[in-house]
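The values are calculated or read from the model by the stated rules, or taken from the named source; none is laboratory data. These figures come from a predicted structure and were not determined experimentally. In this analysis, Cβ positions are derived from the backbone assuming ideal geometry, glycine residues included, and neighbour counts consider all displayed protein chains.
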Amino acid sequence: KEETEGVSQPQAVGENIKMNLAECLVFLLIAPIEASPTFSVALNRRKNKKGEMPKPGTRMLREPYTPLINYQDVQYYGPIGIGLPQQELYVVFDTGSSDLWVTGVGCEPCSGTRRFNILASTSAITNCSGCGVDRTLDNYGSGWVKGYTFQDRVTFGDVVTNEHITIGYVSSQAHAQQGFQDEGIIGLGFEALAEYSIPMSSSVIVSQAGVANMYAFYLTSDGSNGSILTFGGYDEGLLNNASISYTAVETTPFSSGNAYGYWTVSMSEFSLGHTFSGSGLLTIVDSGTSLIIIPYTYLQKIIDDLITNDAAEYCQYSSTLLICPGATDLDGFPDLTIRFPKYGYPGNDTVLTLTARQYFVTYYTRGIKNYQLGIDGTSSSQCILGDVVMRAYYTLFDKENYRVGFAGAGSAFSKNSGGGYDDNVPLSWIVAAAVFVAVLIGLGAWLCLRRRPAPQIVYSPQSNHYYMEPGASIRHNLAQPVDDNDTI
(Lines give C-alpha, C1' and ligand atoms only; values in the text may rest on other atoms or scores of the structure.)
Protein backbone atom coordinates (compact mmCIF):
# COMPACT_ATOMS: atom_id res chain seq x y z
CA LYS A 1 0.00 0.00 0.00
CA GLU A 2 1.80 3.08 -1.23
CA GLU A 3 -0.78 5.70 -0.46
CA THR A 4 -3.76 5.97 1.81
CA GLU A 5 -6.55 8.23 0.58
CA GLY A 6 -7.78 8.61 4.11
CA VAL A 7 -8.50 7.03 7.41
CA SER A 8 -11.99 5.92 8.19
CA GLN A 9 -13.85 7.46 11.06
CA PRO A 10 -14.32 5.40 14.22
CA GLN A 11 -17.17 2.98 13.73
CA ALA A 12 -19.10 0.97 16.23
CA VAL A 13 -19.38 -2.39 14.55
CA GLY A 14 -21.61 -3.76 17.24
CA GLU A 15 -23.28 -1.77 19.96
CA ASN A 16 -23.86 -4.91 21.96
CA ILE A 17 -20.35 -6.31 21.69
CA LYS A 18 -18.78 -6.40 25.10
CA MET A 19 -15.10 -5.43 24.80
CA ASN A 20 -13.21 -3.88 27.65
CA LEU A 21 -10.23 -1.54 27.33
CA ALA A 22 -7.64 -4.28 27.62
CA GLU A 23 -9.31 -6.31 24.88
CA CYS A 24 -9.47 -3.23 22.66
CA LEU A 25 -5.77 -2.60 23.12
CA VAL A 26 -4.98 -6.23 22.38
CA PHE A 27 -7.03 -6.02 19.22
CA LEU A 28 -5.16 -2.92 18.08
CA LEU A 29 -1.80 -4.52 18.75
CA ILE A 30 -2.48 -7.81 17.00
CA ALA A 31 -4.46 -6.43 14.04
CA PRO A 32 -2.59 -7.50 10.87
CA ILE A 33 -0.55 -4.83 9.10
CA GLU A 34 0.13 -5.28 5.39
CA ALA A 35 3.26 -3.77 3.79
CA SER A 36 4.30 -3.80 0.15
CA PRO A 37 7.50 -5.67 -0.67
CA THR A 38 10.41 -3.29 -1.18
CA PHE A 39 14.18 -3.38 -1.22
CA SER A 40 16.52 -0.50 -0.62
CA VAL A 41 19.99 0.90 -1.11
CA ALA A 42 21.26 3.02 1.76
CA LEU A 43 23.81 5.81 1.58
CA ASN A 44 25.38 4.48 4.72
CA ARG A 45 25.44 1.23 6.55
CA ARG A 46 22.86 1.39 9.27
CA LYS A 47 19.86 -0.29 10.77
CA ASN A 48 17.48 2.59 10.38
CA LYS A 49 17.44 6.34 10.88
CA LYS A 50 17.79 6.16 14.63
CA GLY A 51 19.98 3.07 14.78
CA GLU A 52 17.07 0.87 15.77
CA MET A 53 15.68 -2.18 14.09
CA PRO A 54 12.74 -1.42 11.79
CA LYS A 55 9.33 -1.72 13.37
CA PRO A 56 6.77 -4.17 12.03
CA GLY A 57 4.76 -2.80 9.14
CA THR A 58 7.32 -0.27 7.94
CA ARG A 59 8.43 -0.50 4.33
CA MET A 60 11.98 -1.55 4.90
CA LEU A 61 14.60 -3.44 2.94
CA ARG A 62 14.09 -7.15 2.66
CA GLU A 63 17.73 -7.59 1.70
CA PRO A 64 20.83 -6.26 3.53
CA TYR A 65 21.52 -2.58 3.14
CA THR A 66 24.20 -1.64 0.61
CA PRO A 67 26.26 1.45 1.50
CA LEU A 68 26.07 4.49 -0.77
CA ILE A 69 27.93 7.78 -0.56
CA ASN A 70 26.81 11.40 -0.19
CA TYR A 71 29.66 13.42 -1.70
CA GLN A 72 29.42 16.94 -0.26
CA ASP A 73 25.74 17.16 -1.21
CA VAL A 74 26.87 17.29 -4.87
CA GLN A 75 26.47 13.64 -5.81
CA TYR A 76 24.68 10.66 -4.35
CA TYR A 77 25.94 7.34 -5.65
CA GLY A 78 26.20 3.72 -4.70
CA PRO A 79 27.24 0.24 -5.78
CA ILE A 80 25.93 -2.10 -8.41
CA GLY A 81 27.55 -5.31 -9.62
CA ILE A 82 28.20 -6.25 -13.25
CA GLY A 83 29.38 -9.51 -14.74
CA LEU A 84 30.48 -12.89 -13.48
CA PRO A 85 32.38 -12.87 -11.25
CA GLN A 86 30.71 -9.72 -10.07
CA GLN A 87 32.65 -6.46 -10.39
CA GLU A 88 31.45 -3.65 -8.14
CA LEU A 89 31.26 -0.06 -9.39
CA TYR A 90 29.70 3.04 -7.85
CA VAL A 91 27.07 4.74 -10.01
CA VAL A 92 24.64 7.65 -9.83
CA PHE A 93 21.02 6.56 -9.63
CA ASP A 94 19.63 9.09 -12.10
CA THR A 95 15.97 9.86 -12.73
CA GLY A 96 17.05 12.24 -15.54
CA SER A 97 18.26 9.52 -17.92
CA SER A 98 17.44 5.93 -18.83
CA ASP A 99 20.69 4.24 -19.89
CA LEU A 100 23.27 2.30 -17.91
CA TRP A 101 26.98 2.86 -18.51
CA VAL A 102 30.18 2.31 -16.59
CA THR A 103 33.78 3.39 -17.06
CA GLY A 104 35.96 0.68 -18.59
CA VAL A 105 39.56 -0.36 -18.19
CA GLY A 106 41.78 2.07 -20.10
CA CYS A 107 39.47 5.02 -19.55
CA GLU A 108 42.05 7.39 -18.08
CA PRO A 109 41.37 9.96 -16.98
CA CYS A 110 37.76 9.21 -16.24
CA SER A 111 35.47 9.86 -13.31
CA GLY A 112 35.77 7.70 -10.23
CA THR A 113 38.51 5.19 -9.46
CA ARG A 114 37.20 1.72 -10.31
CA ARG A 115 37.04 0.41 -13.89
CA PHE A 116 35.04 -2.45 -15.37
CA ASN A 117 37.19 -5.13 -16.99
CA ILE A 118 35.09 -6.68 -19.71
CA LEU A 119 37.68 -9.42 -20.36
CA ALA A 120 37.37 -10.59 -16.77
CA SER A 121 33.62 -11.23 -17.03
CA THR A 122 32.73 -14.70 -18.26
CA SER A 123 29.11 -13.63 -18.74
CA ALA A 124 29.83 -10.57 -20.94
CA ILE A 125 28.53 -10.63 -24.53
CA THR A 126 30.24 -8.36 -27.07
CA ASN A 127 28.97 -9.80 -30.36
CA CYS A 128 25.36 -8.73 -29.81
CA SER A 129 23.49 -6.58 -32.33
CA GLY A 130 24.86 -3.02 -32.25
CA CYS A 131 27.53 -3.91 -29.73
CA GLY A 132 31.23 -3.16 -30.14
CA VAL A 133 30.69 -0.04 -32.28
CA ASP A 134 32.65 2.91 -30.90
CA ARG A 135 30.40 5.96 -30.68
CA THR A 136 29.03 8.70 -28.47
CA LEU A 137 26.95 6.88 -25.93
CA ASP A 138 25.28 9.80 -24.18
CA ASN A 139 25.38 13.60 -24.05
CA TYR A 140 24.83 15.50 -20.85
CA GLY A 141 24.81 19.12 -19.77
CA SER A 142 28.38 18.60 -18.58
CA GLY A 143 29.57 16.84 -21.75
CA TRP A 144 29.70 13.52 -23.57
CA VAL A 145 30.73 9.97 -22.83
CA LYS A 146 32.06 7.73 -25.63
CA GLY A 147 32.62 4.02 -26.00
CA TYR A 148 30.64 0.98 -27.11
CA THR A 149 27.95 -1.29 -25.77
CA PHE A 150 27.99 -4.85 -24.51
CA GLN A 151 25.59 -7.07 -22.61
CA ASP A 152 25.97 -8.58 -19.18
CA ARG A 153 24.20 -9.39 -15.96
CA VAL A 154 23.52 -6.64 -13.42
CA THR A 155 23.40 -7.11 -9.66
CA PHE A 156 21.54 -4.75 -7.36
CA GLY A 157 21.74 -5.77 -3.74
CA ASP A 158 20.84 -9.44 -3.79
CA VAL A 159 18.91 -9.21 -7.07
CA VAL A 160 20.79 -10.55 -10.11
CA THR A 161 19.11 -10.04 -13.49
CA ASN A 162 18.32 -13.26 -15.28
CA GLU A 163 18.56 -11.58 -18.67
CA HIS A 164 21.56 -9.72 -20.02
CA ILE A 165 21.27 -5.91 -20.02
CA THR A 166 22.77 -3.66 -22.71
CA ILE A 167 25.39 -1.52 -20.98
CA GLY A 168 27.61 1.31 -22.18
CA TYR A 169 31.36 0.65 -21.82
CA VAL A 170 32.88 4.14 -21.59
CA SER A 171 36.40 4.58 -22.99
CA SER A 172 36.58 8.40 -22.89
CA GLN A 173 34.76 11.35 -21.36
CA ALA A 174 34.49 15.10 -21.87
CA HIS A 175 36.83 17.02 -19.57
CA ALA A 176 33.98 18.31 -17.41
CA GLN A 177 32.88 14.75 -16.72
CA GLN A 178 36.23 13.60 -15.40
CA GLY A 179 36.07 15.34 -12.05
CA PHE A 180 33.03 13.48 -10.79
CA GLN A 181 33.21 10.75 -8.19
CA ASP A 182 31.02 8.08 -9.78
CA GLU A 183 32.04 5.30 -12.16
CA GLY A 184 28.84 5.28 -14.14
CA ILE A 185 25.15 6.06 -14.28
CA ILE A 186 22.07 3.90 -14.00
CA GLY A 187 19.02 5.63 -15.46
CA LEU A 188 15.67 5.61 -13.69
CA GLY A 189 13.78 7.64 -16.29
CA PHE A 190 11.21 6.19 -18.69
CA GLU A 191 12.11 3.76 -21.47
CA ALA A 192 11.44 6.22 -24.32
CA LEU A 193 14.45 8.19 -23.09
CA ALA A 194 16.84 5.25 -23.40
CA GLU A 195 19.36 5.27 -26.25
CA TYR A 196 20.49 1.67 -25.95
CA SER A 197 19.60 0.16 -22.56
CA ILE A 198 16.34 -1.51 -23.56
CA PRO A 199 14.97 -3.17 -21.62
CA MET A 200 16.07 -0.81 -18.89
CA SER A 201 18.07 -2.38 -16.10
CA SER A 202 15.88 -0.74 -13.45
CA SER A 203 12.72 -2.18 -15.01
CA VAL A 204 14.20 -5.66 -15.10
CA ILE A 205 15.31 -5.35 -11.49
CA VAL A 206 11.91 -4.35 -10.10
CA SER A 207 10.14 -6.94 -12.24
CA GLN A 208 12.43 -9.74 -11.18
CA ALA A 209 12.27 -8.70 -7.54
CA GLY A 210 8.47 -8.72 -7.68
CA VAL A 211 8.09 -5.16 -6.37
CA ALA A 212 6.16 -2.16 -7.66
CA ASN A 213 7.82 -0.01 -10.34
CA MET A 214 8.46 2.85 -7.97
CA TYR A 215 11.55 4.50 -6.45
CA ALA A 216 11.82 6.68 -3.36
CA PHE A 217 14.80 8.93 -2.58
CA TYR A 218 15.63 10.08 0.93
CA LEU A 219 18.67 12.39 0.69
CA THR A 220 20.64 13.71 3.65
CA SER A 221 22.35 17.09 4.00
CA ASP A 222 25.85 18.35 4.84
CA GLY A 223 27.52 15.27 3.37
CA SER A 224 26.11 13.13 6.15
CA ASN A 225 25.24 9.47 5.99
CA GLY A 226 21.70 8.14 6.11
CA SER A 227 20.44 8.67 2.55
CA ILE A 228 18.53 5.80 1.07
CA LEU A 229 16.97 4.73 -2.22
CA THR A 230 14.06 2.31 -1.96
CA PHE A 231 12.79 0.24 -4.87
CA GLY A 232 9.17 -0.93 -4.89
CA GLY A 233 7.64 1.68 -2.59
CA TYR A 234 8.75 3.89 0.23
CA ASP A 235 9.92 3.55 3.79
CA GLU A 236 7.30 4.67 6.28
CA GLY A 237 10.01 4.96 8.89
CA LEU A 238 11.53 7.85 6.88
CA LEU A 239 8.31 9.82 6.53
CA ASN A 240 8.75 11.20 10.04
CA ASN A 241 5.03 11.82 10.46
CA ALA A 242 4.87 13.65 7.11
CA SER A 243 2.19 13.39 4.45
CA ILE A 244 2.66 12.46 0.78
CA SER A 245 1.28 14.70 -1.96
CA TYR A 246 1.52 13.74 -5.64
CA THR A 247 1.55 15.58 -8.96
CA ALA A 248 1.07 14.03 -12.40
CA VAL A 249 3.93 13.25 -14.80
CA GLU A 250 3.62 14.87 -18.26
CA THR A 251 4.72 13.30 -21.55
CA THR A 252 7.89 14.39 -23.37
CA PRO A 253 7.78 15.36 -27.08
CA PHE A 254 10.01 13.13 -29.20
CA SER A 255 10.45 13.12 -33.00
CA SER A 256 8.08 10.16 -33.17
CA GLY A 257 5.48 11.80 -30.92
CA ASN A 258 4.82 12.34 -27.26
CA ALA A 259 5.85 9.70 -24.75
CA TYR A 260 6.89 9.43 -21.14
CA GLY A 261 10.63 10.16 -21.01
CA TYR A 262 11.75 12.53 -18.29
CA TRP A 263 10.02 12.79 -14.96
CA THR A 264 8.29 15.99 -16.12
CA VAL A 265 5.72 17.75 -13.99
CA SER A 266 3.74 20.93 -14.57
CA MET A 267 4.80 23.64 -12.13
CA SER A 268 2.14 26.30 -11.63
CA GLU A 269 4.16 28.66 -9.42
CA PHE A 270 7.77 29.36 -8.42
CA SER A 271 8.06 32.08 -5.82
CA LEU A 272 11.19 33.44 -4.14
CA GLY A 273 10.90 37.17 -3.57
CA HIS A 274 9.48 37.33 -7.10
CA THR A 275 6.60 35.09 -8.15
CA PHE A 276 6.50 33.32 -11.51
CA SER A 277 3.30 31.56 -12.43
CA GLY A 278 1.60 30.16 -15.48
CA SER A 279 -0.61 27.42 -16.80
CA GLY A 280 2.30 25.01 -16.74
CA LEU A 281 6.03 25.52 -16.33
CA LEU A 282 7.42 22.17 -17.48
CA THR A 283 9.84 20.94 -14.85
CA ILE A 284 11.99 17.82 -14.55
CA VAL A 285 12.46 16.22 -11.16
CA ASP A 286 16.01 14.89 -11.47
CA SER A 287 18.12 13.10 -8.90
CA GLY A 288 21.18 13.52 -11.16
CA THR A 289 21.16 17.33 -10.91
CA SER A 290 22.58 18.98 -7.83
CA LEU A 291 20.79 22.33 -7.95
CA ILE A 292 17.50 23.90 -8.93
CA ILE A 293 17.65 25.05 -12.57
CA ILE A 294 15.36 27.84 -13.83
CA PRO A 295 15.41 30.19 -16.87
CA TYR A 296 18.01 32.97 -16.62
CA THR A 297 15.31 35.65 -16.72
CA TYR A 298 13.75 34.16 -13.59
CA LEU A 299 17.07 33.82 -11.81
CA GLN A 300 18.12 37.42 -12.45
CA LYS A 301 14.89 38.78 -10.98
CA ILE A 302 15.17 36.52 -7.96
CA ILE A 303 18.73 37.62 -7.20
CA ASP A 304 17.71 41.27 -7.65
CA ASP A 305 15.07 40.72 -4.98
CA LEU A 306 17.24 38.71 -2.59
CA ILE A 307 20.05 41.27 -2.45
CA THR A 308 17.62 43.88 -1.11
CA ASN A 309 17.33 41.88 2.12
CA ASP A 310 19.37 43.01 5.10
CA ALA A 311 20.74 39.46 5.30
CA ALA A 312 22.51 40.00 1.95
CA GLU A 313 24.59 42.95 3.21
CA TYR A 314 27.91 41.11 2.94
CA CYS A 315 27.00 38.80 0.05
CA GLN A 316 28.67 38.89 -3.36
CA TYR A 317 26.54 38.55 -6.45
CA SER A 318 26.27 38.69 -10.21
CA SER A 319 23.21 38.32 -12.42
CA THR A 320 23.31 34.55 -11.96
CA LEU A 321 25.24 33.92 -8.74
CA LEU A 322 24.80 34.79 -5.08
CA ILE A 323 27.44 33.83 -2.49
CA CYS A 324 27.25 34.76 1.17
CA PRO A 325 29.76 34.38 4.04
CA GLY A 326 29.20 31.69 6.61
CA ALA A 327 28.17 34.23 9.26
CA THR A 328 25.15 35.27 7.18
CA ASP A 329 21.79 34.96 8.90
CA LEU A 330 20.02 32.88 6.28
CA ASP A 331 16.79 33.18 8.20
CA GLY A 332 16.62 36.77 6.91
CA PHE A 333 15.86 35.51 3.40
CA PRO A 334 12.32 34.56 2.34
CA ASP A 335 11.06 31.03 1.83
CA LEU A 336 10.93 29.44 -1.60
CA THR A 337 7.48 28.18 -2.60
CA ILE A 338 6.83 25.77 -5.47
CA ARG A 339 3.33 24.69 -6.51
CA PHE A 340 2.05 21.90 -8.73
CA PRO A 341 -1.48 20.72 -9.54
CA LYS A 342 -2.28 18.00 -7.05
CA TYR A 343 -2.71 14.52 -8.48
CA GLY A 344 -6.30 13.32 -8.13
CA TYR A 345 -7.54 16.55 -6.53
CA PRO A 346 -8.57 19.08 -9.25
CA GLY A 347 -8.30 22.66 -8.08
CA ASN A 348 -5.90 21.81 -5.26
CA ASP A 349 -2.12 22.16 -5.21
CA THR A 350 0.86 20.21 -4.05
CA VAL A 351 2.90 22.89 -2.29
CA LEU A 352 6.61 22.68 -1.46
CA THR A 353 8.21 25.20 0.88
CA LEU A 354 12.00 25.47 1.29
CA THR A 355 13.70 27.75 3.78
CA ALA A 356 16.91 29.61 2.89
CA ARG A 357 18.84 27.03 4.89
CA GLN A 358 17.53 24.46 2.43
CA TYR A 359 17.90 26.36 -0.87
CA PHE A 360 21.39 27.69 -0.08
CA VAL A 361 24.27 25.21 -0.53
CA THR A 362 27.14 25.13 1.98
CA TYR A 363 30.75 24.87 0.79
CA TYR A 364 34.19 25.58 2.24
CA THR A 365 37.20 27.47 0.83
CA ARG A 366 40.43 27.00 2.81
CA GLY A 367 38.30 25.91 5.70
CA ILE A 368 36.10 29.00 5.58
CA LYS A 369 32.39 28.36 5.39
CA ASN A 370 30.32 30.00 2.65
CA TYR A 371 26.81 29.73 1.27
CA GLN A 372 25.89 29.64 -2.41
CA LEU A 373 22.39 30.09 -3.75
CA GLY A 374 21.42 26.59 -4.86
CA ILE A 375 19.66 27.85 -7.98
CA ASP A 376 21.31 28.11 -11.40
CA GLY A 377 20.12 29.45 -14.75
CA THR A 378 19.45 27.93 -18.16
CA SER A 379 18.67 29.34 -21.61
CA SER A 380 15.91 26.76 -21.86
CA SER A 381 12.34 27.54 -20.87
CA GLN A 382 12.16 24.42 -18.72
CA CYS A 383 13.16 23.99 -15.11
CA ILE A 384 14.84 21.21 -13.15
CA LEU A 385 14.33 20.37 -9.52
CA GLY A 386 17.45 18.57 -8.38
CA ASP A 387 18.93 17.44 -5.10
CA VAL A 388 18.32 20.80 -3.39
CA VAL A 389 14.60 20.02 -3.43
CA MET A 390 15.00 16.29 -2.93
CA ARG A 391 16.97 16.87 0.26
CA ALA A 392 14.09 18.91 1.64
CA TYR A 393 11.41 16.39 0.66
CA TYR A 394 11.33 12.62 0.55
CA THR A 395 10.66 12.16 -3.18
CA LEU A 396 8.74 9.27 -4.75
CA PHE A 397 8.83 8.35 -8.45
CA ASP A 398 5.80 6.19 -9.27
CA LYS A 399 6.06 4.68 -12.76
CA GLU A 400 2.94 2.61 -12.38
CA ASN A 401 0.71 5.64 -11.86
CA TYR A 402 2.79 8.26 -13.74
CA ARG A 403 3.20 10.62 -10.82
CA VAL A 404 5.82 12.13 -8.49
CA GLY A 405 5.19 12.42 -4.78
CA PHE A 406 6.72 14.63 -2.13
CA ALA A 407 6.66 14.04 1.58
CA GLY A 408 7.67 16.68 4.10
CA ALA A 409 6.67 17.95 7.47
CA GLY A 410 5.54 21.46 8.34
CA SER A 411 3.58 24.18 6.56
CA ALA A 412 4.15 22.77 3.08
CA PHE A 413 1.71 20.00 3.78
CA SER A 414 -0.67 21.55 6.26
CA LYS A 415 -4.32 21.74 5.33
CA ASN A 416 -4.04 25.54 5.22
CA SER A 417 -1.30 25.59 2.56
CA GLY A 418 -3.46 25.66 -0.56
CA GLY A 419 -4.31 22.00 -0.64
CA GLY A 420 -0.81 20.60 -0.35
CA TYR A 421 -1.91 18.10 2.25
CA ASP A 422 -2.43 14.50 1.29
CA ASP A 423 -4.52 12.43 3.60
CA ASN A 424 -1.83 9.83 4.04
CA VAL A 425 -1.76 9.22 7.76
CA PRO A 426 1.27 7.32 9.04
CA LEU A 427 0.58 4.04 10.75
CA SER A 428 2.02 5.29 14.03
CA TRP A 429 -0.54 8.11 14.08
CA ILE A 430 -3.36 5.67 13.46
CA VAL A 431 -2.30 3.41 16.28
CA ALA A 432 -1.69 6.33 18.64
CA ALA A 433 -5.08 7.84 17.83
CA ALA A 434 -6.78 4.51 18.25
CA VAL A 435 -5.15 3.91 21.61
CA PHE A 436 -6.07 7.43 22.74
CA VAL A 437 -9.69 6.96 21.71
CA ALA A 438 -9.74 3.57 23.35
CA VAL A 439 -8.41 5.05 26.59
CA LEU A 440 -11.09 7.74 26.56
CA ILE A 441 -13.77 5.18 25.92
CA GLY A 442 -12.47 2.96 28.65
CA LEU A 443 -12.33 5.78 31.18
CA GLY A 444 -15.77 6.95 30.19
CA ALA A 445 -17.19 3.50 30.61
CA TRP A 446 -15.52 3.07 33.98
CA LEU A 447 -16.62 6.44 35.33
CA CYS A 448 -20.11 6.60 33.91
CA LEU A 449 -21.51 3.36 32.64
CA ARG A 450 -19.32 0.65 33.99
CA ARG A 451 -21.62 -2.10 32.69
CA ARG A 452 -22.28 -0.55 29.28
CA PRO A 453 -20.51 -2.44 26.45
CA ALA A 454 -17.71 -0.44 24.79
CA PRO A 455 -17.89 -0.18 20.98
CA GLN A 456 -15.16 -1.79 18.90
CA ILE A 457 -13.06 0.91 17.22
CA VAL A 458 -11.72 0.01 13.78
CA TYR A 459 -9.27 2.18 11.81
CA SER A 460 -8.59 0.78 8.36
CA PRO A 461 -6.15 2.55 6.03
CA GLN A 462 -7.55 2.07 2.53
CA SER A 463 -5.12 0.78 -0.05
CA ASN A 464 -4.32 2.91 -2.99
CA HIS A 465 -0.95 3.16 -4.02
CA TYR A 466 9.50 16.44 -18.70
CA TYR A 467 11.12 18.72 -24.45
CA MET A 468 14.40 19.50 -23.09
CA GLU A 469 17.67 19.20 -24.96
CA PRO A 470 18.69 15.55 -24.81
CA GLY A 471 20.83 14.80 -21.82
CA ALA A 472 20.58 18.26 -20.29
CA SER A 473 19.53 16.92 -16.96
CA ILE A 474 22.02 14.55 -15.41
CA ARG A 475 25.14 16.34 -14.22
CA HIS A 476 23.60 19.60 -15.39
CA ASN A 477 25.31 22.47 -13.58
CA LEU A 478 26.42 20.39 -10.67
CA ALA A 479 27.41 22.55 -7.76
CA GLN A 480 31.16 22.95 -7.55
CA PRO A 481 33.04 24.79 -4.79
CA VAL A 482 34.20 28.22 -5.89
CA ASP A 483 37.95 28.21 -6.46
CA ASP A 484 40.09 30.76 -4.67
CA ASN A 485 41.03 32.29 -8.04
CA ASP A 486 37.44 32.65 -9.18
CA THR A 487 35.99 36.14 -9.31
CA ILE A 488 32.38 37.14 -9.06
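Observations, loosely collected:
- Search result, residues across the range 373-388 that are more than 17 Å from Val249 (Cα to Cα) and not in a strand (DSSP E or B): Gly374, Ser379, Ser380, Ser381, Asp387, Val388
- For the range 375-389, taking the residues that are touching a Phe, Trp or Tyr at 6+ places or on another chain (Cβ under 8 Å) and over 13 Å from Ile338 (Cβ atoms), the one that is surrounded by the fewest Cβ atoms within 10 Å (Cβ to Cβ) is identified as Ser379.
- Pairing residues of the range 372-389 that are in the same structural domain as Trp263 (by TED's automatic domain parsing) with residues that are assigned to a helix (DSSP H, G or I) and among the polar types (S, T, N, Q), at Cβ distances under 8 Å and at least 6 apart in sequence or on separate chains, gives Gly377/Gln300; Val388/Gln358.
- Screening the range 147-264 for strands (runs of 3 or more DSSP E) wholly inside it with 3 or more residues that are over 26 Å from Asn70 (Cβ atoms) and not assigned by TED's automatic domain parsing to the domain that holds Arg115 returns the ranges 243-254.
- Scan the range 309-367 for residues that are among the hydroxyl-bearing types (Ser, Thr, Tyr) and in a loop (DSSP other than H, G, I, E, B) and the total you get is 8.
- When Ser245, Ser290 are screened for being within 23 Å of Asp398 (Cβ to Cβ) and under 15 Å from the mean Cα position of the chain (by Cα), only Ser245 passes.
- Residue match in the range 301-323 (condition: surrounded by fewer than 17 Cβ atoms within 10 Å (Cβ to Cβ) and among the hydrophobic types (A, V, I, L, M, F, W, C)): yes
- Options Phe190, Phe180; residue that is at pLDDT 95 or above, under 29 Å from Val388 (Cα atoms) and crowded, with 17+ Cβ neighbours inside 10 Å: Phe190
- Which listed residue is modelled with pLDDT of 95 or more, surrounded by fewer than 13 Cβ atoms within 10 Å (Cβ to Cβ) and among the charged types (D, E, K, R), from Asp331, Asp335, Asp286: Asp331
- Residue check, Ser271 modelled with pLDDT of 95 or more, in a strand (DSSP E or B) and more than 15 Å from the chain's Cα centre (by Cα): yes
- Flag for Arg366 being outside the structural domain of Val265 (by TED's automatic domain parsing) and either at pLDDT 50 or above or over 26 Å from Gly278 (Cα atoms) (or both): no
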